[in-house]
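All remarks here apply to the structure that follows.
The values are calculated or read from the model by the stated rules, or taken from the named source; none is laboratory data. Given the structure is predicted, the values throughout are model-derived calculations rather than measurements. Here the Cβ is made from the backbone with ideal geometry for all residues, glycine too, and neighbour counts use every protein chain on show. Calculation scope for accessible area: heavy atoms of the full protein, side chains included, ligands and nucleic acids excluded. Shrake-Rupley method; radii C 1.70, N 1.55, O 1.52, S 1.80 Å.
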Amino acid sequence: MTEHEIKIHFKEYTSIDELNGNEKALCLEAVKALKTSHSPYSKFKVGVAMRLQSGKILYASNQENVAYPSGLCAERVALFYWGANHPDDPIQSMAITAHTDEFQLSKPVTSCGACLQVLAEYEKKQGSAIKMLLYCQNGPVWSATGIESFLPFLFFEDRLNNHK
């Protein structure tokens, strides 16, 4: 038997004011994205702002549907939009924030497993890691570069590309 240990690495800032100017601005842009959230069922809004290498910022929010499986998380809305419209302009960083009037958020909201796997796919596609900023308004910010910090067992099956 072999025992393994996995360690993740992320930075925690006590507030947005500890971030550099570009990162702080991106977090504030994610707050703006909350306005387009369609979340009448959960009342849990999620907003994303994504900075591309060109400096362009893309916005996305969660989109719910009365048939729950038909909705989509803000992260995948952003990533699929990027993949369809800007695939040659790599993603440098992504800020994610959330808000609800139902309860107080005291720490950043993390992406679900499906979103993390899609993030991993897009990192692989563009050949570079994405800096993630998980922003809790009036609270801490978690920062990490590379999806492995949030999803240490990424699913990649290279044999799927070897059709002979």
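Values as computed for the structure displayed
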read-out: Residue match in region 46-67 (condition: in contact (Cβ under 8 Å) with a residue 60 or more places away in the chain and either open to solvent by less than 60 Å² (accessible area, probe 1.4 Å) or more than 23 Å from SER149 (Cα to Cα) (or both)); value: yes
read-out: Among residues of region 74-99, those that are open to solvent by less than 40 Å² (accessible area, probe 1.4 Å), farther than 12 Å from LEU26 by Cβ and touching a residue at least 40 places away in the same chain (Cβ under 8 Å), counted; value: 6
read-out: Subset of region 33-65 that is part of a loop (DSSP other than H, G, I, E, B) and basic (Lys, Arg) - its residue that is farthest from the chain's Cα centre (by Cα); value: LYS43
read-out: Boolean, SER106 is open to solvent by 80 Å² or more (accessible area, probe 1.4 Å) and among the small types (Gly, Ala, Ser); value: yes
read-out: Residue among ILE16, ILE8, ILE57 that is modelled with pLDDT under 95, touching a helix residue (DSSP H, G or I) at 6+ places or on another chain (Cβ under 6 Å) and among the β-branched types (Val, Ile, Thr); value: ILE8
read-out: Extreme residue, nearest to SER93 (Cα to Cα), among residues of region 115-133 that are small (Gly, Ala, Ser) and either in contact with a Phe, Trp or Tyr (Cβ under 7 Å, 6 or more places away or on another chain) or open to solvent by 10 Å² or more (accessible area, probe 1.4 Å) (or both); value: ALA129
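Table: residues versus (1) assigned to a loop (DSSP other than H, G, I, E, B); (2) touching a Gly at 6+ places or on another chain (Cβ under 8 Å).
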residue: TRP82; (1), (2): no, no
residue: MET94; (1), (2): no, no
residue: THR97; (1), (2): no, yes
residue: GLU123; (1), (2): no, yes
residue: ALA129; (1), (2): yes, yes
residue: SER143; (1), (2): no, no
residue: PRO152; (1), (2): yes, no
